[in-house]
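Input: a single structure, listed below in structure tokens.
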Amino acid sequence: QTGDSGIPAGWTVNELVTLNSDDEGNYWATFYSDASYTADENTTVYTAKVSGDQSKVELTEVDDKTIPAGNAVVLKSTATTSTMTQAEGASGTLADNDLQGSSSDIATPANTYMLVKGSSGVGFYHWTEANIPACRGYLTLNSTAADRAFLCIETNDGSTTTIARVRQVNEDNGSIYDLTGRRLTTTPHHGIYVKNGKKVVIK
């Protein structure tokens, strides 16, 4: 006897997700599946919405920790792994969520951003690799924001989230960025900027 998902009645299916440390006691990842799952008690589930000016990503907590099939989310945990339990009967689309995902590796679409560690901290960085790994969440921006190096992430309580070590990305060391992640085309006269992976002050 099986349930609607093809799982034998009375059985549960667990999936273990590995997360990455922020060096502050928290661990982070994005997650996507074609099946529905509920995160464990140590894990917080967030949707991700790009702000109107496309300068940051706003995270909103999913209260019941349930991720319906076909929805990508951000996970935050107090442990290095998160146990995801298959949730039969969960369906629908999570509100206020711009994340996309695929259960298999796909070619990287234009203007794609993924949750990684870069020179300006952790956020959704412009993804330059040829493929997006399976079961990961990603964002795509319109072409007017494609020159941004990254988008910082902010939780729905208004605090900016710092993640220290998710994945190092290769960036153009000759470029200069402002603090919103926009690449500058001319040499700035004064202010704080990012160059060669470091903050610089031009007076």
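The values are calculated or read from the model by the stated rules, or taken from the named source; none is laboratory data. From a predicted model like this one, the values you see are computed outputs, not experimental measurements. When we count neighbours, we look across all protein chains shown, and the Cβ atoms used for this are built from the backbone with ideal geometry, even at glycine. Surface accessibility is based on the protein's heavy atoms, side chains included, excluding ligands, DNA and RNA. Shrake-Rupley method; radii C 1.70, N 1.55, O 1.52, S 1.80 Å.
Here are some notes:
- Beta carbons closer than 8 Å, at least 6 apart along the sequence or on distinct chains, pair a first residue in the stretch 49-65 that is of a type in the set (G, A, S) with a second that is part of a loop (DSSP other than H, G, I, E, B) and buried (at least 17 other Cβ atoms within 10 Å of the Cβ) for S55/G181.
- Enumerated strands (runs of 3 or more DSSP E) restricted to the stretch 26-77, each holding at least 1 residues that are over 13 Å from C135 (Cα atoms) and of a type in the set (A, V, I, L, M, F, W, C): 27-32, 43-50, 56-61
- Count of residues meeting criterion [surrounded by 20 or more Cβ atoms within 10 Å (Cβ to Cβ) and out of contact with any helix residue (DSSP H, G or I) (no Cβ under 9 Å at 6 or more places or on another chain)] in the stretch 45-55: 4
- Every residue from the stretch 101-118 that is open to solvent by 20 Å² or more (accessible area, probe 1.4 Å) and either without any contact (Cβ under 8 Å) to a residue 60 or more places away in the chain or of a type in the set (D, E, K, R) (or both): S104, D105, I106, A107, T108, P109, A110, N111, K117
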